[in-house]
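Colleague: This structure is in C-alpha cells; I'll ask about it shortly.
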Amino acid sequence: MDSLDVLQEPATGKTPGLAWALFPVIFLIASLSYTIIILEDDPRIPIILGSVAAALVGWKHGYSWGEMQAGIVRGISVVVPAILILMLIGIMI
C-alpha cells in the first residue's frame, strides 16, 4: 500500500465521544502543569506522553496507525503555510 493511498481511504474507526476526545487534552494539560510548575522541568516528556495518549484513544476506537498518521500529515500540511509566513515576518523584523 502506498503512503498516499492512506490519505484517500475513508477512516474505519468510530468517532470517540466527548469524554474520550477530551482525555488526551486534559492529560496533556495536567502533565504539563505538573512538570513545569512542580518539577520545574522541560515540557518535552509530557508532550510526548500526550501524543501517546491521543494515539491510544484512536487505537481504542478502531483507527489504524496508517489512518492516524495520515491525519497527522493532513493537520501539519494545513498549518505549514501559516508557520512559513510567520517565519518570514520574523526574519524581516
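The values are calculated or read from the model by the stated rules, or taken from the named source; none is laboratory data. Because the structure is predicted, anything quoted here is derived from the model rather than measured. All Cβ positions, even for glycine, are placed from backbone atoms using ideal geometry, and neighbour counts span all protein chains on display. The protein model used for the area step is the full one, side chains on, heavy atoms only, and it has no ligands, DNA or RNA in it. Shrake-Rupley method; radii C 1.70, N 1.55, O 1.52, S 1.80 Å.
Colleague: Could you please let me know if residue 26 is at pLDDT 95 or above and of a type outside the set (Ser, Thr, Tyr)?
Modeller: yes
Colleague: Taking the conditions exactly as written (modelled with pLDDT under 95 and either among the β-branched types (Val, Ile, Thr) or surrounded by fewer than 13 Cβ atoms within 10 Å (Cβ to Cβ) (or both)), does residue 7 satisfy them or not?
Modeller: no
Colleague: Hey, another quick one. Whether any residue in segment 73-88 is in contact with a helix residue (DSSP H, G or I) (Cβ under 7 Å, 6 or more places away or on another chain) and either surrounded by 15 or more Cβ atoms within 10 Å (Cβ to Cβ) or of a type in the set (Ser, Thr, Tyr) (or both) is what I want to check.
Modeller: No, there is no match, as no residue in segment 73-88 is in contact with a helix residue (DSSP H, G or I) (Cβ under 7 Å, 6 or more places away or on another chain) and either surrounded by 15 or more Cβ atoms within 10 Å (Cβ to Cβ) or of a type in the set (Ser, Thr, Tyr) (or both).
Colleague: Right, something else. As an exercise: evaluate residue 58 against (1) under 13 Å from the mean Cα position of the chain (by Cα); (2) open to solvent by 40 Å² or more (accessible area, probe 1.4 Å); (3) under 17 Å from residue 12 (Cα atoms); (4) of a type outside the set (Lys, Arg) and give the number of the one condition it does not meet.
Modeller: (2)
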